[in-house]
Structures are given as structure tokens and as C-alpha cells.
Amino acid sequence: MQHNNQILCKTEQQTKLLAEQFAKIAKKGDVFALFGTLGAGKSVFSRYFIQKLTDVTDVPSPTFTLLQTYEAQNFEIYHYDMYRLKSPDEAYELDVEEAFYGAVSLVEWPEKILPLLPKDIWKITIFVNGTERLFDIETNNIEKYNRLKDAGLA
């Protein structure tokens, strides 16, 4: 069963707070698939998520490296940017199998690797309207949805 929720962020500060709330409920094996156009805020969301869970202050977008990893207290964080991949199979070289099941993954441009994504993901689509961002959050997992509710996000 699909569970949906939408959250409107009118400022970058609200986006930061949203990313931090998601960071608080993240568990090993979570895959956050971040959909959105160029400039939608996928990297901004990821940066605040990572900063909440690590001591790292400089969180670059992995546009050119394709992957950045970070050590959080209870798991590793794999931050992917799949934009430049030519085929989904190229993602295997980026340790996606290990990341998707043994870490927390933030995946920008997940549409490039749709066949490789686990069924049980957090699908977050960011829609842009001027300076506002509408976060459409979907999961088909009741446990994940309950974490969302417990955090006051649903």
C-alpha cells in the first residue's frame, strides 16, 4: 500500500529542518531517492541531512565524483549523484548493492538507476514554485510511514 504526504518548505531554513527530521528517523538500509529538476534542492536537502548526522561541515555535491561517503554514528551514508551515468549498470561500480542494504543512501537522479533501486525506498520528489519547494514523500512500507508519523511529518 502506498503512503503519501506532502510538505511545503517556503524557505531554505524550512528545507534544512525537514532534512534534519529525516536524518533523525533514518535507519541502516534506508534509501532516499531524491527526484527533481536541476536546482530543485536535492543537494541542499542531502547536505543538511548529512550535516545533522556527522561532524562534516563541507558537504559537496557528488556531481563529478558520483559518490561521497560519510561516517555517521550508527551507519555509513552514501551520497550519490547519478546524473552522468549512461546506463544503470554503471552504478554497480559505485557499491550500490552494499550501500542499499548496509548503509543509508541519498540518491540524486535515481531515475537513472530505477531498475536497481530496492522496492522499499523513500521516494522524495521535489517540486519548485519560485523560492518554495514542495516535497512529495512516498513509501510503500508501513514501518517507514509510522516513523514519518512519529516524527510529525505525516
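Computed from the coordinates by the stated procedures, all read-outs in this text should not be read as laboratory data. This one's a predicted model, so the numbers in the text were calculated from it and none came from an experiment. Positions of Cβ are generated from backbone atoms using ideal geometry, with glycine treated the same way; all protein chains shown enter the neighbour counts.
For the reader, a short list of remarks on this structure follows.
- Among the listed pairs K24/K52; K52/K112; K112/K144, those whose Cα-Cα separation exceeds 18 Å are K52/K112; K112/K144.
- Backbone geometry of the range 126-139 corresponds, through the Karplus equation with coefficients 6.51, -1.76 and 1.60 at θ = phi - 60°, to 3J(HN,Hα) couplings of 9, 9, 9, 9, x, 8, 8, 10, 9, 9, 9, 10, 10, 8 Hz, x marking Gly and Pro.
- Distant-in-sequence amide H partners of A72 (H built 1.01 Å from N, under 5 Å): I77
- Fraction of beta bridges assigned by DSSP in the chain that are antiparallel (%, nearest 5): 60
- Under the combined filter of DSSP loop state and at most 15 neighbouring Cβ atoms within 10 Å, the range 103-154 retains these trypsin sites (Lys or Arg not before Pro): K119.
- 5 angstrom amide H check on N140, placed H, neighbours 5+ away: H3, I121
- Neighbourhood charge, 13 Å Cβ-Cβ cut-off, centred on L17 and excluding it, Lys, Arg +1 and Asp, Glu -1: +3
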